[in-house]
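Only one structure is covered here, and it is reproduced in the block below.
Throughout, read-outs are computed from the coordinates displayed, never taken from laboratory work. Not measured: the values here are computed from a predicted model. Backbone-built Cβ (ideal geometry, glycine too); neighbour counts: all protein chains shown.
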Amino acid sequence: MPSSGTDRRSGRPRARLLAIAVVVPALLMAPVAPASAADQPGVQAAALTATSPVDGAGTVALTPTVSATFTEALAEPSLQFTLAGPAGPVAGQVSLPTGTTARFVPSAPLAPGTAYTASVQADDATGTPVGPHTWTFTTGTPRGADCPCTIWDDFAMPALTTTGDTGAVELGTKVYFTSRGEVLGVRFYKGAGNNGTHTGSFWSATGQRLATGTFTGETASGWQTLLFDDPVVVEVDTTYVVSYFAPQGHYAIEVGYFGVPRRPIGYGHIQAVSDSAATPNGVFRYGGGMPVSYYQGSNYWVDVVYRHGTNGDHTRPVLDTRTPAPDATSVGLDAGLTLGFSEAVDLATSQFLLTDDGQARLAGTPTRSADGRTVTWTPAAPLAPGTRYTATVLAADVNGNVMAPTATWTFTTGAQAACPCSLFSQATVPDEPSGGQRVAVELGVRFGSSAAGSVTAVKFYKGDGDTGTHTGSLWTDQGVLLATGTFTGETASGWQTLTFDAPVPVEAGQVYVASYYSPTGQYAVNRDYFGKRGPFTSEPLWTAPGPYANGRYRTGAGFPDSHYIGNNYWVDVVFTTG
């Protein structure tokens, strides 16, 4: 028999050949692991290029979209993105919307003033592990209703957080205050590249540095705060400048921010100065020092930290009693406001306002009791009958502490005891005493009466610019002239009266037009007065219904048959019954 250990044809051991026969097919069939990007010449593994928020960011919004961007696409099934705070992991939605950017959206708002850690890891398209990459950020804190407070809250962001300007520069904001208090410090918004040592300062309008200091403990981005060693007492309606020094430039900016018409910028009793040719805001100075240059009302996002009150007193006064009471009816026409406070108040820094239901303001005088705790506000003339008035009170004590919140309530006057009577209270002060287009114009009001009687006079409110000879007229609603005359003995401003030579009879329920001629076209006006409210009723008188049924005018002299958005040009009559 042939030997089992030898192949007769080759003479080699048979067992060795079998081993080779088994091993070679196994090698041919084994799966081959793909080479990683690191093993392939010229191929780079995905690298992290950016995060949002950036690492170390502060004052981050409470509902952020947290993201990480890479140089190469990631494999979505392998993506792991977590966010954790002091209370543990945060629930949220993970996505890979662009392949190279991973996102985490929290399911609920984050906690304010809290540090969070984000972490992301995945495989890239070649199977190479990427990460984990971790970074941290801190959320902002919502601004409290009470001070200390700032113009902007933690979540306000510039349109451009970082400029390319690398020059060392001092950047500032002009501010003023509507109550006495203390400035505690300075804030500024920091974007990428705004590095180096930052200093903050508070200046008088004349350039006296009132306080300064160096920012410490800065975050990588967001609002940075410096508190001075000692507070600075500030006065009411006095302009100051708050600034910071950016040694490497790259400051935040929003061009034209302070120049938007009719947009007051402030919070509570802090106001930023509106930009104008006379009072430019958004100031800067290259090299440092009091910033005095300006460019198109730009906002460099410099803020002030303010607290109401001085002399260690930060307790606000409280309005304890008020007369008339809220929602009172049948209030006397000679009634004023009687207000009782928890402590003595300062009339010079307190605000007392009474407006009718068309939001027109009435003039009046406040007086204070001997102990300073009771204030009586007396209107300059009797109120109009059957009118709903709104009272607004914001009182401050002698140390500048201001009520919180503002007290606002309404009451309604009773009926007129007897005529002569008019539509409006002579305590009314127009929004614009001398507005207009400076073109001669006839201005009027459409009115009627619930009772028959006579019109004895026409009245109008005169501003300083409404000079020259004025005539007054009474018309039917169809334009028939019933009476006219020339005003005499006028005062420089305020309500003027023309008494006709003879009373003019008017019928109940009919519409008439009273008007006056302004040769300079600088007339008193409250815009959209009749559009903000229903028909004005001052029994027995009323104005014609409809927002565009009133506020009549005519360029030049004559019957005023045009109208514009329900303006009130403050024309009135004197009416008697019977």
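Hydrodynamic radius of the range 294-421 by the Kirkwood approach over all distinct alpha-carbon pairs: 16.4 Å. Of the two radii for the range 218-303, the radius of gyration is 0.95 times the Kirkwood radius, both from the alpha carbons; that is the Rg over Rh value.
Report the convex hull volume per residue for the chain, counting only C-alpha atoms, in Å³.
Numbers: hull volume 160.9 nm³, N = 578.
Value for the chain: 278 Å³ per residue.
Simple point charges give the picture: +1 on the Cβ of Lys and Arg, -1 on the Cβ of Asp and Glu, and for the range 319-413 a dipole about the Cα centre of about 120 debye. Remark: the range 85-95, residue by residue, has Karplus-estimated 3J(HN,Hα) of x, x, 8, x, x, 9, 6, x, 9, 9, 8 Hz, where x stands for each Gly or Pro and the curve is 6.51 cos²θ - 1.76 cosθ + 1.60 at θ = phi - 60°. Partner lysines whose Cα lies under 28 Å from the Cα of Lys174, excluding those fewer than 8 positions away in the same chain, are identified as Lys190. When its C-alpha radius of gyration is set against 2.2 N^0.38 Å (N residues), the range 535-578 gives a value of 1.29. Summarising the label geometry, the points placed 7 Å from Cα in the beta-carbon direction at Val54 and Gln248 lie 0.9 nm from one another.
A Cβ-based charge dipole, computed about the Cα centre of the chain with Lys and Arg at +1 and Asp and Glu at -1, lands at about 1800 debye.
Residue by residue, the range 376-382 carries 3J(HN,Hα) couplings of 10, 10, 10, x, 6, 7, x Hz when phi is fed to the Karplus relation 6.51 cos²θ - 1.76 cosθ + 1.60 (θ = phi - 60°); x denotes Gly or Pro. Centre-to-centre, using Cα atoms only, the range 485-514 and the range 118-189 are separated by 62 Å.
Does the range 428-577 classify as rounded, prolate or oblate by the C-alpha gyration tensor (a ≥ b ≥ c root eigenvalues; a/c under 1.5 gives rounded; else a/b over b/c gives prolate, otherwise oblate)? Oblate shape, in that a/c is at least 1.5 and b/c is the bigger or equal ratio. A Förster radius of 22 Å combined with the Cβ-Cβ distance from Asp237 to Ala192 puts the calculated FRET efficiency at roughly 0.05.
Axis of helix 14-29 versus longest Cα principal axis of the chain: the two differ by about 10°, to the nearest ten degrees.
When only Cα pairs below 8 angstrom with a gap of at least 6 residues are kept, the chain shows a relative contact order of 10 percent.
Which lysines does Lys462 reach when only Cα atoms under 29 Å apart count, and residues fewer than 8 places away in its own chain are ignored? Excluding near neighbours in sequence, the set is Lys532. Placing R0 at 60 angstrom, the Cβ-Cβ distance between Ala73 and Ala145 gives a FRET efficiency of 0.80 after rounding to 0.05.
For a test of the definition: using alpha carbon positions, the gyration tensor, and the 1.5 limit on a/c, classify the range 345-501 as rounded, prolate or oblate.
Details: a/c = 2.59, a/b = 1.86, b/c = 1.39.
Prolate.
When you count the other C-beta atoms within 10 angstrom of each residue and take the mean per peptide, 294-300, 239-245, 347-353, 81-87 line up highest first as 239-245, 294-300, 347-353, 81-87.
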